[in-house]
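Laboratory data are not the source of any read-out in this text; all were calculated from the coordinates shown. Since this is a predicted model, take the numbers as computed values, not measurements. Cβ placement follows ideal geometry from the backbone for every residue including glycine, while neighbour counts extend to all protein chains displayed.
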Amino acid sequence: MKTRKLYNRVKNLRVEKGISRKQLAEQIGVNPQTVGYLERQDYNPSLDLAFRISEFFGFSIEFIFSTAKIRPMSEELNSNTGS
């Protein structure tokens, strides 16, 4: 079975929080290179890692990761407020 590509908001959330890849890596228990792979969407996280990322940022896994291309957060927020 072929692995599906996962899209994510990891880089956007990290930048918004004002932390480096190294700082995020330390918080979620991975190598900074792994964070880079995630941000470039070259690597699908394990379920455990997806939960650690979700818990760190305080958003649901479904908000951070998707099998469909993710719209920019500004579009997502505007569509949820009826604007």
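Computed over the chain, the Cα gyration tensor eigenvalues convert (square root of 5λ each) into semi-axes of 21, 17, 11 Å, ordered from largest to smallest.
Given a 10 angstrom Cα cut-off, can you work out which residue in S20, S46, S54 is the most mobile in a GNM of the chain? Result for the chain, Cα springs under 10 Å: S46 fluctuates most.
Taking a straight Cα-Cα cut-off under 18 Å and skipping sequence neighbours fewer than 8 places away in the same chain, the lysines within cross-link reach of K22 are K11. Here the relative contact order of the chain, from alpha carbon pairs under 8 Å that lie six or more residues apart, stands at 39 percent. Scalar couplings 3J(HN,Hα) for segment 10-24, obtained by applying the Karplus form with A = 6.51, B = -1.76, C = 1.60 to θ = phi - 60°, are 4, 4, 4, 5, 5, 5, 4, 7, x, 10, 7, 4, 4, 5, 4 Hz; x denotes Gly and Pro.
In order along segment 29-38, phi translates into HN-Hα couplings of x, 10, 6, x, 4, 5, 4, x, 4, 4 Hz, rounded to whole numbers, per the Karplus curve 6.51 cos²θ - 1.76 cosθ + 1.60 with θ = phi - 60° and x for Gly and Pro. Each Lys and Arg Cβ is given +1 and each Asp and Glu Cβ -1; about its Cα centre, the chain then shows a dipole of about 300 debye.
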